[in-house]
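**Student:** Handing you this structure, nothing more for now.
The values are calculated or read from the model by the stated rules, or taken from the named source; none is laboratory data. All values derive from a computational prediction rather than experimental measurement. Note that each Cβ is placed from the backbone with ideal geometry, even for glycine, and that neighbours are counted across all protein chains shown. Ligands, DNA and RNA are stripped out before the accessible areas are found, and what is left, the full protein with its side chains, is counted by its heavy atoms. Shrake-Rupley method; radii C 1.70, N 1.55, O 1.52, S 1.80 Å.
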Amino acid sequence: MRETGLAGDAAAGFRLLKERLLRLFDRGVAEPLDDDAFDELAREVFAYQFEHDPVYRSFCANRGRTPATVDHWTGVPAVPTTAFKHLRPGPDDLDAERVFLTSGTSRGARRGEHAVPDLELYRASALPPFRAALLPDRARLPVVALVPSPGDVPDSSLSAMVGFVVDEMGAGEWFVDPDAGIRVEELLARLERAEEAGEPVLLVGTAFAFVHWMDALDERDRRFRLPEGSRIMETGGFKGRSRTLEKDELYRGLEERLGVPAARIVNEYGMTELLSQFYEPVLTRPEAMPAPTERWHVGPPWVRTRVLDPRTLEPVDPGHEGILAHFDLANLGSVAAVLTEDRGVEVEDGFRVLGRTRGSEPRGCSMAMDELLEVARG
Amino acid sequence: MADARHFDAWCVPAWTDRAGPEGAETGIAEVRPRRATGSEAASPVLRYPELDEGSARELAHRLVAHRDRLADLPASELAHLLGRVGRRFLEPGDPLRDRALQLLPSTAGISPAMARAVLDGMAADWTPERLEGLLRADLGRPEALDAFVPGAAGGRVRAFGPRLGVHLSAGTVPGVSVTSLIRGLLVKSPVLLKPGRGDVVLPVLFLRALAREAPEVAAAAAVVYWPGGATDAEDELLRQADLVVVYGSDATVESVRSRLRPTTRLVAYRHRVSLALVGREALGPEMERAGDGDARPPAPRALARAVALFDQRGCVSPHAVYVEEGGDATPRDFAEALARSLEALDRELPSGVVDPEEASRLQQLRGTTELRVAAGEGRELWHGGQSPWTVVYDPDPAFEASCLNRMVRVKPVGHAEELPDLLEPVARHLQTVAAEGLGERAEAVCGMLARIGVSRITPIEAAPWPPPWWHHDGAGALSALIRWADVEPGVMD
């Protein structure tokens, strides 16, 4: 297993694999990576993480899985997302360039930590799928960000990603203050300018922020017709925040208020624990894309997603619901195999996210864990 | 009912000659059991009438109209009548018991062995003797429900049940709704019971049987399932009620409370958590003994049973066990013994249906614990693979709720006296502490636990089965339902 010469110090091994991954990411998302090629890389990443993360090594070994016994990437033990709340998976000797935190969905809840040794890998994995999903026409659009800037919230992986996009576009402005929320007057002025100049924009934000932005527009009785070519990337629609809208309601609202049709609104599915993201191929395959609630997500070639039966962790039969488990090569610096709490179903060349299992429904006369944790930590 | 693919999740004797509310065109809706077993064919579809505001009001009026017939029966006679029906669920060969055992697994998502255990335990409290005992223990003089009786300090007093009680029960533990229905009828209150989706079978069977035994009494009760929530029909029933009993999450209680008239009384059995405490006197060789015959079973085995019953979904089900250090066996030894007992119980009392959300949470918990074990945090993990039972030995003393389905944390505690402080953050949600091995410290520890909010302390073996006359979440089960009328000296005598 060691012919790549990964034995050695963690940093040197990381650099070697990183270079190979950068070349892969640089090819973009259009060029497929066949299963054998993925498997080879995936097992090398596993071997690297097994070797340099003693906790993960012991975890895998206790399950009888080592680089010597795992003959396919699907056999690599996945780390549950919850574990990021208690441990920072990843090679021991790598320093973190940045530690991203998961958003706390309930007050006082423990937040997950994803230590990322190298932001370059993040940038390289984030941009090609973004470009493919949002800019298939190779447009260069100024970014209007409804997320706080990475300078304001360095621990947000989403802000970091939007930061990469802004760098890439060469123009972008940030309209969310981490404490005070949306800077409404500035955002109004920005969109007016776009409207007057006939200059299309790329709006990027969380579903939560867009809901608040629509409320602000309604209070002022304002409507925009953003220039043709404008588009929206929307994310985080599954988080259990207050005042959530159904997806089609949100898209209808944005269409009415901003003049950006639902066919030009793209949902991004991502999580702090993964450096790669998934997008709905709305702009690339408009003819194939159904109504907003029926859409699905696709990932880049360097991620493989499986739908597992939560009782057995075995793959479900095609077309059946299960929980999503991802193998993301971009997670070289932490852990590549991640078991989520998200329910989904495999479709076409991707998967449809059906929701998150966290935030459980009431449990009768015994208490739902989330509710109690909230009480306990509140 | 001949159709095994359906179960009619209602029984309204007051709807005399038809299956639905008189004069209204009530549709019949269908829903799958929440914990449906396997294939579509295995679980019957639950049918329920789609009440609207008008038919709900009509139903409420109809129940209230039968109140006088309840009032005419002495309470002790009511206890005997209800007990005669309830007892049938215990009698081997009785068609009522057979039918219940046939339907419970597929509608409540529990194993057949669990269905027997739950029915035996619940129905033990539905016998004439137990109900008579409940009346006396809770009210002192049950005759006060029948007539004015001399008050303790002179004058006369009389107890009245509400003109109409609306009971909304949870579906987590089958049988809880029958207990609620019986309590309401015992205080001579017409009752409209909406059982939770997992608990529709027993109240429907009970009321059907009561209707055959005593139609005039049964006509004051109705069991109707509908998916809970702020519908017009539910709102109307809450408006018609004088007293509402609700079992459920804090969010459910909040929702119901916000829809009541200011004059309506609310008895809320909201979310509770229970736990166990094993003192050092119960640790050691005694943990290993067989516990056959008359002897109390060893603590790990008793605790395994308390955790497994109701698949841990009862408010009495322990989420965690605190084990004292300094005994002959360590808390870690206890955890291992508990795991062995849970493993054995998995054969005797198999788990029911674990829904995908619960299974996912369990995978997250197990995987995360494995990593924390690997990280040398002093934890240990035992689990049943595809069986959900899971024991985590967790040196962190902070209380954490279980994700249920037989997942229990074992936590060391230096001295039992430290427990109340550890529970302080969840004090408002505490219910049962199953305690053993406290020796002479028992009185002091019980005092401290009760002071912070624990309402029931019991031997571990008895934890799943509070007696009918317990102070349920701190108040008498019947006295919570009644109002007193006083006639002061000089009027009647």
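**Student:** Given a 1.4 Å probe and the protein chains all in place, what does the accessible area of B:His415 round to, in Å² to the nearest 10?
**Tutor:** About 90 Å², rounded to the nearest 10.
**Student:** Could the peptides A:185-196, B:402-413 be put in order, highest first, of the mean number of other beta-carbon atoms found within 10 Å of their residues?
**Tutor:** Result, highest mean first: B:402-413, A:185-196.
**Student:** How shielded is B:417-427 by partner chains, expressed as the average number of their Cβ atoms within 10 Å of its Cβ atoms?
**Tutor:** Mean shielding by partner chains, rounded to a whole number: 1.
**Student:** Can you give the translational diffusion coefficient of chain A in µm²/s, computed by Stokes-Einstein from the Kirkwood radius over Cα pairs at 10 °C and 1.306 mPa s?
**Tutor:** 73
**Student:** Sort A:136-146, A:199-209, B:165-175 for me by packing, meaning the mean count of neighbouring Cβ atoms within 10 Å per residue, highest on top.
**Tutor:** Highest-to-lowest ranking by the protection proxy: B:165-175, A:199-209, A:136-146.
**Student:** Which residues of the stretch A:274-319 bury at least 20 Å² of accessible area once all protein chains are present, versus their chain alone (1.4 Å probe)?
**Tutor:** Residues passing the criterion (a loss of at least 20 Å², heavy atoms only) are A:Pro310, A:Arg311, A:Thr312, A:Leu313.
**Student:** Would you work out if the stretch A:142-201 is rounded, prolate or oblate? Take a ≥ b ≥ c from the square roots of the eigenvalues of the alpha-carbon gyration tensor; rounded if a/c is under 1.5, else prolate when a/b is larger than b/c, oblate otherwise.
**Tutor:** oblate
**Student:** Taking each residue of B:229-240 in turn, how many C-beta atoms of other protein chains fall within 10 Å of its C-beta, and what is the average?
**Tutor:** 0
**Student:** Taking just the C-alpha trace of chain B, give me its Rg and Dmax in Å.
**Tutor:** 23.5, 79
**Student:** Would you mind telling me the share, in percent, of accessible area of the protein assembly as shown contributed by carbon and sulfur at probe 1.4 angstrom?
**Tutor:** Within the protein assembly as shown, the accessible surface is 48 percent carbon and sulfur.
**Student:** Can you divide the C-alpha Rg of the stretch B:113-186 by 2.2 N^0.38 Å and report the result to two decimal places?
**Tutor:** 1.38
**Student:** Output the antiparallel fraction of DSSP beta bridges having both residues in chain B, as a percent to the nearest 5.
**Tutor:** Around 35 percent of the beta bridges assigned by DSSP in chain B are antiparallel ones.
**Student:** Another question, if that's okay. Among all cysteines in chain B, which have no other cysteine Cβ under 4.7 Å from their own Cβ?
**Tutor:** B:Cys11, B:Cys403, B:Cys446
**Student:** Per residue of chain B, what 222 nm ellipticity follows from adding -39500 (n - 2.57) for every DSSP H run with n ≥ 4, rounded to the nearest 500?
**Tutor:** -11000 deg cm²/dmol
**Student:** Here's a follow-up. Got a sec? What order do B:Tyr48, A:Tyr279 fall in by accessible area at 1.4 Å, biggest, i.e. largest, first?
**Tutor:** B:Tyr48, A:Tyr279
**Student:** How many percent of DSSP beta bridges within the stretch B:365-493 run antiparallel, rounded to 5?
**Tutor:** Of the beta bridges lying entirely in the stretch B:365-493, close to 50 percent run antiparallel.
**Student:** Separate question: Which of rounded, prolate, oblate describes the stretch A:84-201, given a ≥ b ≥ c as roots of the alpha-carbon gyration tensor eigenvalues and a/c under 1.5 marking rounded, otherwise prolate only if a/b is larger than b/c?
**Tutor:** It is oblate, given that a/c is not under 1.5 and a/b is not larger than b/c.
**Student:** Simple spin-label model, 7 Å along Cα-to-Cβ: B:His61 to A:Asp93 in nm?
**Tutor:** About 8.5 nm separates the two model spin labels.
**Student:** Any idea what the relative contact order of the stretch B:320-444 is, in percent, if you count C-alpha pairs under 8 Å spaced at least 6 apart?
**Tutor:** 31
**Student:** Given a Förster radius of 60 Å and the C-beta distance between B:Asp68 and A:Val347 as r, what FRET efficiency does 1/(1 + (r/R0)^6) yield to the nearest 0.05?
**Tutor:** Efficiency at R0 = 60 Å is approximately 0.45.
**Student:** How much accessible area per residue does the protein assembly as shown have, in Å², with a 1.4 Å probe?
**Tutor:** 39
**Student:** From other protein chains only, count the Cβ atoms within 10 Å of every residue's Cβ in B:350-359, then give the mean.
**Tutor:** 4
**Student:** If you don't mind, another one. Among B:238-246, B:483-491, how do they line up from the highest to the lowest mean number of other beta-carbon atoms within 10 Å?
**Tutor:** Sorting B:238-246, B:483-491 by mean packing, highest first, produces B:238-246, B:483-491.
**Student:** Provide the gained length on full extension for the span A:Glu321 to A:Ala68, in nm with one decimal, where the gain is 0.36 nm per separating residue minus the Cα-Cα distance.
**Tutor:** Fully extending the segment from A:Glu321 to A:Ala68 adds 87.9 nm.
**Student:** How many square angstrom of accessible surface are buried between A and B, both sides summed, with a 1.4 Å probe and rounding to 100?
**Tutor:** Protein heavy atoms only, the A-B interface buries about 3700 Å².
**Student:** Using the basic label-point model (7 angstrom from Cα toward the beta carbon), what is the A:Asp177 to B:Arg239 distance in nanometres?
**Tutor:** Modelled inter-label distance: 4.6 nm.
**Student:** Once phi is turned into θ = phi - 60°, what whole-Hz ³J(HN,Hα) does the Karplus curve with 6.51, -1.76 and 1.60 give for every residue of the stretch B:334-339, x standing for Gly and Pro?
**Tutor:** 4, 4, 5, 5, 4, 4
**Student:** Would you work out the relative contact order for the stretch B:395-493, in percent, from Cα pairs under 8 angstrom that are 6 or more residues apart?
**Tutor:** Taking the mean separation of contacting Cα pairs over the length of the stretch B:395-493, I get 21 percent.
**Student:** Roughly what % antiparallel, to the nearest 5, for the DSSP beta bridges in chain A?
**Tutor:** Restricted to chain A, the bridges split so that about 60 percent are antiparallel.
**Student:** Right, next: Roughly how compact is the protein assembly as shown, stated as its Cα Rg over 2.2 N^0.38 Å to two decimals?
**Tutor:** Compactness ratio reported: 1.06.
**Student:** Right, here's the next one. Consider all pairwise Cα distances in the stretch B:353-493 and report the whole-number % of them above 26 Å.
**Tutor:** Summing the P(r) tail past 26 Å for the stretch B:353-493 gives 44 percent.
**Student:** Could you tell me the accessible area of B:Ile28 in Å² (1.4 Å probe, neighbours in place), rounded to the nearest ten?
**Tutor:** 90
**Student:** Please work out how many pairs of lysine residues in the protein assembly as shown are eight or more positions apart (or on different chains) and have Cα atoms closer than 30 angstrom.
**Tutor:** Close lysine pairs found across the protein assembly as shown: 5.
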